[in-house]
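We did not get these values from a lab; they are worked out from the coordinates using the rules stated. Here the structure is a predicted model, which means the values were calculated and not measured. Virtual Cβ from ideal backbone geometry, glycine too; neighbours counted across all protein chains shown.
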Amino acid sequence: MKGKVYKSSESLEGESLAVAILHLSEKIENNNRLIMTLIRRIEQLEKSLEQVKEEEIEQILSDVDEKIVNLVKEKGRVTASDVKAELNYKGTNAASARLNKLCSMGVLKKQYAGRKVYFSLAR
């Protein structure tokens, strides 16, 4: 049989392996592009959700609670004593109650440092 070139079985196996690797690498690239698209979309949704949460919080909070949240935004973190001084409360019990209520709503979070309890924004 003239004109026909026969390749060894090792050569054929090598070629089919190379083709399989090429197909796999193309699939991996497609998956990576899809993953990147999904990550960008998730980031957009997270930003939108954050804006909605901020709008909801502003609508839900009373004037006094808004003052407390604004104080936390200004200072970064506050104690019940800070809130007491800012809102002219007689004692820290009312300030603590307000701060704890904002924690249970998910607006603030607590951080303990010895006997002091600091409150900061939850997000």
*What nm value, rounded to one decimal, do you get for the distance between Leu34 and Ile21 when each label is placed 7 Å out toward the C-beta?*
2.4
*Which is farthest toward the positive dipole end of segment 7-123 among Leu102, Asn32, Leu45, measuring Cα position about the Cα centre, with Cβ charges +1 (Lys, Arg) and -1 (Asp, Glu)?*
Leu102
*Read phi for every residue in segment 14-25 and hand back ³J(HN,Hα) as whole Hz from Karplus 6.51 cos²θ - 1.76 cosθ + 1.60, θ = phi - 60°, with x for Gly and Pro.*
x, 5, 5, 5, 4, 5, 4, 5, 4, 5, 5, 5
*Across Lys90/Lys116; Lys75/Lys109; Lys53/Lys116; Lys73/Lys101; Lys67/Lys90, pairs whose alpha-carbon gap is larger than 25 Å*: Lys53/Lys116
*Read phi for every residue in segment 28-40 and hand back ³J(HN,Hα) as whole Hz from Karplus 6.51 cos²θ - 1.76 cosθ + 1.60, θ = phi - 60°, with x for Gly and Pro.*
4, 4, 4, 5, 4, 4, 5, 4, 4, 4, 5, 4, 4
*Simple Cβ-charge dipole of the chain, Lys/Arg +1 and Asp/Glu -1, about Cα centre, in debye nearest 20*: 460
*Take the Cβ-Cβ distance between Ser81 and Glu46 as r, set R0 to 22 Å, and report the resulting FRET efficiency rounded to the nearest 0.05.*
0.05
*Considering the options Val72, Ala113, Asn93, tell which one lies farthest towards the positive end of the dipole of segment 62-121, charges being +1 on Lys and Arg and -1 on Asp and Glu at the Cβ, about the Cα centre.*
Ala113
*Taking the structure as given and computing mean projected area of the Cα convex hull in nm², which label from (i) 11.6; (ii) 14.6; (iii) 9.1 fits?*
(ii)
